[in-house]
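Asks: Please find one structure pasted underneath; my questions will follow.
The numbers here are math on the coordinates, done by the rules we state, and not lab data. Just so you know, these numbers come straight off a predicted model, no measurement behind them. Note: ideal-geometry Cβ built from the backbone for every residue, glycine included; neighbour counts use all protein chains shown.
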Amino acid sequence: MYVLIISLILLGVVAAIAGSIRNKRLRQKVERGELEKMPEVKMVTDCGAESCAVEEGGLCELDCVLNGSKGIEYYDDEELDRFKGKEGDAYTEEEEAEFREVFETMLPKDVPGWVRSLQLREIQLPNAVKDEVFLVYNDEIHN
């Protein structure tokens, strides 16, 4: 029992020292002009992902999903990588059909992961497909 208490106290001391060192280094970076100001502490909450930023009292769900990601995951859609950086209103009907085909062949539970994958790959959904995708996305996130 005493070992546990002493271990917790030591852990607290180590955490306090590490925090002090971090703050000192951040202050030095601000003084040298490497940082504009000290980073602000953000409130976090849980929505099924590891952690999510709360912005202005509400949860930004897309940020939550992106923060919970472990990396890019492909959904048999490698061919969509060629659309990286293309605006949502710049797609042709044939290109929209490619997105729709991938979307319609996946399970609803995979849609949030697919949206996350597209975001991480910097691929915008065509405007004509967004509404359909986000209807399923919202249903899956809220269930």
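Asks: Once the other residues with Cβ under 11 Å from the Cβ of residue 109 are scored (Lys, Arg +1; Asp, Glu -1), what is the net sum?
Replies: Around residue 109, the charge tally is -3.
Asks: Could I ask something else about it? Separation between the residue 28 and residue 106 pseudo-spin-labels, each 7 Å from Cα along Cα→Cβ, expressed in nm?
Replies: Taking the two extended label points, one gets 4.5 nm.
Asks: Next up: Given the peptides 1-9, 103-111, arrange them by the average over their residues of other C-beta atoms within 10 Å, most packed first. Each step should come with its number before you reach the end.
Replies: Working: 1-9: 8.3, 103-111: 13.9.
So the order, starting with the most tightly packed, is 103-111, 1-9.
Asks: Between residue 82 and residue 36, take the C-beta separation as r, use R0 = 30 Å, and let me know the FRET efficiency to the nearest 0.05.
Replies: On the way: r = 37 Å, r/R0 = 1.24.
Efficiency for this residue pair is about 0.20.
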